[in-house]
Amino acid sequence: MIAVRALSKHFITDRGRVDVLKEINLDIRVGERIAVVGASGAGKTTLMHLLGGLDRPSSGSVLFAEKNIFHYSAQELDAFRNRTIGFVFQFHQLLPEFSALENVMMPALIGRSSAKKAEERASEILTAVGLGHRLDHKPGQLSGGEQQRVAIARSLTMSPKLLLADEPTGNLDSATSDEILALLDRLHVERDLTIIVVTHSEKVAGHMDRIIRMVDGCLCV
Ligand SMILES: Nc1ncnc2c1ncn2[C@@H]1O[C@H](COP(=O)(O)OP(=O)(O)O)[C@@H](O)[C@H]1O
Ligand SMILES: [Mg+2]
């Protein structure tokens, strides 16, 4: 599904050049669940951003179905991302003044779905993640686990093939984190979703098909 080839990224800062990813190679199969682990600063988030086409590499490629996503034009990349990839972050980044339903509708509205379709779809997905009774609640009226489930629901609105989750349970207690894990499991089975999750939790990591360790911008295989 995904082939990462000699992927490198450096940043230029006041104190000079920082090599954050060093010629990463990685192959990911359809339906695979991968945990990315490693110390803070190892380059995990940078790797996720590149996998999702949110940032550009200094060199190297990310191939989806044998096409290098960095050869797409800006519009093509936007369209690809919208269709193919769902993102979940540690801090869910929900819009506080909008309801759960409206937050989940947002990607479909941006993707030019009709409001009616977007609403039907959002309500269906929220129900699927166990929040059918919370559609009109704003993020501030939901628990941490519920907010994270809304964020996962939002990431699934466009039926992505790949879910990129950067420490999705990082600020949740262990019971709530178990709930999120069970939800990811179900989505994996029901949708054959490919999942890449950055985590500091051994439990979450142990639950995936494969664990990738990052040290100082390199993958230790
Ligand atoms: N925009 C940036 N400019 C400069 N340095 C950055 C930038 N983004 C990340 N870094 C540096 O890259 C390294 C890896 O960051 P990151 O990918 O966020 O690591 P992780 O997610 O594993 O904690 C860190 O040393 C960080 O300071
Ligand atoms: Mg990070």
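The values are calculated or read from the model by the stated rules, or taken from the named source; none is laboratory data. None of these values were measured; they are calculated from a predicted model. Counting neighbours? That spans all protein chains shown, and the Cβs are built from the backbone with ideal geometry, glycine included.
Overview of results
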quantity	calculated
Positions within the range 86-119 being farther than 26 Å from residue 51 by Cβ and surrounded by 14 or more Cβ atoms within 10 Å (Cβ to Cβ), in sequence order	98, 99, 100, 101, 102, 118, 119
Which numbered condition residue 58 misses (of (1) more than 19 Å from the chain's Cα centre (by Cα); (2) modelled with pLDDT under 95; (3) closer than 30 Å to residue 5 by Cα; (4) polar (S, T, N, Q))	(2)
Answer from 128, 153, 122 - the residue that is of a type in the set (A, V, I, L, M, F, W, C), out of contact with any helix residue (DSSP H, G or I) (no Cβ under 7 Å at 6 or more places or on another chain) and within 23 Å of residue 185 (Cβ to Cβ)	128
Residues of the range 165-178 satisfying the condition of being farther than 13 Å from residue 92 by Cα and surrounded by 19 or more Cβ atoms within 10 Å (Cβ to Cβ)	177
Residues (more than 8 Å from ligand 1 (Cβ to nearest atom), closer than 14 Å to residue 10 by Cβ and in contact with a strand residue (DSSP E or B) (Cβ under 7 Å, 6 or more places away or on another chain)) located in the range 34-57	50, 57
Pair list, Cβ < 7 Å and 6+ apart or interchain, from the range 184-202 residues that are among the basic types (Lys, Arg) to residues that are at pLDDT 90 or above	none
Condition check for residue 44: touching a residue at least 12 places away in the same chain (Cβ under 8 Å), within 16 Å of ligand 2 (Cβ to nearest atom), within 11 Å of residue 212 (Cβ to Cβ) and among the basic types (Lys, Arg)	yes
